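Here the structure is laid out as structure tokens; the discussion comes afterwards.
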């Protein structure tokens, strides 16, 4: 079992009370009490931090007051104090520490943490917290250690290579932050024991081959068996895993994809 050296990485400040919200655990169940997302339940009680993904305070410098842990995400967050006195939580990029500053604006310098429209960001720049639609708020590249790369500009769109290796067209009017998300050593953490997963609200996952035929397409057989199928299936018979394509053929966003993501360890 391994963990991160939080005493060295965080500033040790308590969460900002006005930006905390109550978050009830639903254990993967819907309003009827039926399980709609498996392997969820239990875990420690957590309070939701109100993160600013819209960044709608333009041309007002902000200074990072704290570096904090967020139980709902892998990235570290920081309390940003804007010059007009307002405080908001933001996702922190790699290398940012207490006292550093950033600004959101169309003419902001191309320095780490600053936020600009994609049309103003040159080719080859690493970005994170990317909007899909102008003004909708950051939706892409928000996890620890992740970054995307601007690879081209064409006909009012920026072509961005995402962490999945997919290359996608995004409007030049959509905004993105310069740099890469911090806490890049997160992927080195080894959970180490079942109990720690339960603290995190993750319940056990049972293999399909260990089930009966009535419960899973891979189930049944005397002793340990192969799945007996050419392609892996989910519990509901849908293709899953092993590099199989699961994207809907007529998905609305297909027109924005320049190159499909490459699946499998060899292609990354």
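Ellipticity at 222 nm from helices only: DSSP H runs of n ≥ 4 in the chain, each -39500 (n - 2.57), divided by the residue count, give -500 deg cm²/dmol.
Fully extending the segment from residue 196 to residue 240, taken as 0.36 nm per residue of separation minus the present Cα-Cα distance, adds 13.2 nm. With neighbour counts taken as other beta-carbon atoms within 10 Å, the residues 125, 37 rank, fewest first, as 37, 125.
Structure remark: mean-square fluctuation, Gaussian network model of the chain, C-alpha springs under 10 Å; the largest value among 22, 94, 58 belongs to 22. The relative contact order of region 206-268 comes to 19 percent, based on Cα pairs under 8 Å that sit 6 or more residues apart. Panel order for 8, 131, 106, by other beta carbons found within 10 Å of each beta carbon, from fewest to most: 8, 106, 131. Largest GNM mean-square fluctuation among 175, 236, 199, using the chain with Cα springs under 10 Å: 236. Overall shape: prolate for region 206-268, with the ratio a/c of the largest to smallest alpha carbon gyration tensor axis at 1.5 or above and a/b above b/c. Look at the alpha carbon pairs under 8 Å that are at least 6 residues apart: their mean separation over the length of the chain gives a relative contact order of 17 percent. Computed from the C-beta positions of residue 207 and residue 35 and an R0 of 30 Å, the FRET efficiency is 0.95 to the nearest 0.05.
A protection proxy built from the mean count of other Cβ atoms within 10 Å ranks the segments 83-89, 145-151, 240-246, 213-219, most packed first, as 145-151, 213-219, 83-89, 240-246. The Rg/Rh ratio of region 117-268, with both radii computed over alpha carbons and Rh defined as the Kirkwood radius, is 1.08. Among 192, 12, 228, which one moves the most in a GNM of the chain with springs linking Cα atoms closer than 10 Å? Ranking 192, 12, 228 by mean-square fluctuation puts 228 first. Run a plain Debye calculation on region 6-185 (Cα atoms as equal point scatterers, no solvent) and give log10 I(q)/I(0) at q = 0.10, 0.13, 0.14 Å⁻¹, rounded to two decimals, same order as the q list. With no solvent term, the Cα-only Debye profile gives -0.43, -0.70, -0.80.
Between the alpha-carbon centres of region 206-268 and region 58-107 there is a gap of 40 Å.
None of the figures in this text is laboratory data; all of them are computed from the coordinates on show. Because the structure is a prediction, the values reported are computed rather than measured. No Cβ is skipped: glycine too gets one built from the backbone with ideal geometry, and neighbour counts run over all protein chains shown.
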